[in-house]
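Structure record follows, encoded as structure tokens.
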Amino acid sequence: RRTFSVTKGPLHGPDGQVAGVFGIGRDVTALRHDEEALREREEIYSAIVNQATDGIVLLDMQSRRFTEFNDAACHSLGYSREEFARLTAQDIQGGMGPEELDALLHSIESQGKARNFDSIHRRADGSLHQVELSYQPIEIRGRSYLVGLWRDLDEKRHAAEQLLKLSLAVEQSPVSVI
């Protein structure tokens, strides 16, 4: 099956009266196929990113705003998508002042490679939580961005503490555990 784009218009005679119709047809089958393949890829990538349990963001280095982000990024901090879209990197920072954050972001950008580190994020309710961050600088259409991934460390640390308590309890128990 082929798809065509057709343009039609009136054909005027020497007297200015409509004498007929002209038409131009262009086969756009390949273009439509490419557009459908692109939509399918976008759906797949969107599903992957939005199903991730870790926060994924695209931080614009000029405005310091999150231009793209997944649902996990919003929900981990207690924001709706609309609220999160208005935030800057400083708004969620719980452990660094503006100058320190600015220096860190410039450092990541200038090094040109991924950087992993722990930090503190501030949730919408004002509470703080520890996160593991990974930021990679990229350029899109001449504009600088950082692609960021973050993972909540509070749950991981809580589980490790519980395991340690259980381990100590077993070691100190007068009853043998097999």
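The values are calculated or read from the model by the stated rules, or taken from the named source; none is laboratory data. From a predicted model like this one, the values you see are computed outputs, not experimental measurements. With ideal geometry, Cβ positions are generated from the backbone for all residues, glycine too; neighbour counts draw on all protein chains shown. Just the protein is used for accessible areas: all its heavy atoms, side chains included, with ligands, DNA and RNA removed. Shrake-Rupley method; radii C 1.70, N 1.55, O 1.52, S 1.80 Å.
When +1 charges are put on Lys and Arg Cβ atoms and -1 charges on Asp and Glu Cβ atoms, the dipole computed for the range 21-65 relative to its Cα centre reaches about 220 debye.
Note on L38 and R143: their simple-model spin labels are 1.8 nm apart, each label 7 Å out from Cα toward Cβ. Between the entries (i) -0.33, -0.41; (ii) -0.55, -0.62; (iii) -0.52, -0.57, the label attached to log10 I(q)/I(0) by the Debye sum over Cα atoms at q = 0.09, 0.10 Å⁻¹ calculated for this structure is (ii).
More than 15 Å apart: what percent of Cα pairs in the range 11-72 qualify? In whole percent, the long-distance tail amounts to 72.
Give, as a single signed number, the net charge of other residues whose beta carbon lies under 13 Å from the beta carbon of L153, with Lys and Arg counted +1 and Asp and Glu -1. With Lys, Arg at +1 and Asp, Glu at -1, the net is -4. For K113, the lysines whose Cα falls under 27 Å of its own Cα, not counting residues fewer than eight places away in the same chain, are K156.
With a cut-off of 15 Å between beta carbons, the residues surrounding E36 carry a summed charge of 0, where Lys and Arg count +1 and Asp and Glu -1.
Expressed as a fraction of 2.2 N^0.38 Å, the C-alpha radius of gyration for the range 75-118 is 1.34. Take the alpha carbon gyration tensor of the range 42-121, find the square roots of its eigenvalues, order them as a ≥ b ≥ c, and report rounded if a/c is under 1.5; if not, report prolate when a/b exceeds b/c, else oblate. Prolate is the answer for the range 42-121, as a/c is 1.5 or above and a/b outweighs b/c. The residues packed around D91, meaning those with a beta-carbon under 12 Å from its beta-carbon, carry a net charge of +4 if Lys and Arg are +1 and Asp and Glu are -1.
Computed over protein heavy atoms with a 1.4 angstrom probe, the accessible surface ordering of L168, L133, largest first, is L168, L133. Around the Cα centre of the chain, unit charges on the Cβ atoms of Lys, Arg, Asp and Glu (plus for the first two, minus for the last two) sum to a dipole of about 560 debye. Using the 1.4 Å probe convention, the accessible area of the chain works out to 70 Å² per residue with neighbouring protein chains retained.
Each of S173, P14, Q62 was placed along the dipole of the chain (beta-carbon charges, centred on the mean Cα), and the one lying farthest toward the positive end is P14. Volume per residue for the range 129-178 equals 86 cubic angstrom (convex hull of Cα atoms).
Counting only protein heavy atoms and a probe of 1.4 Å, the accessible surface of the range 48-151 is 48% carbon and sulfur.
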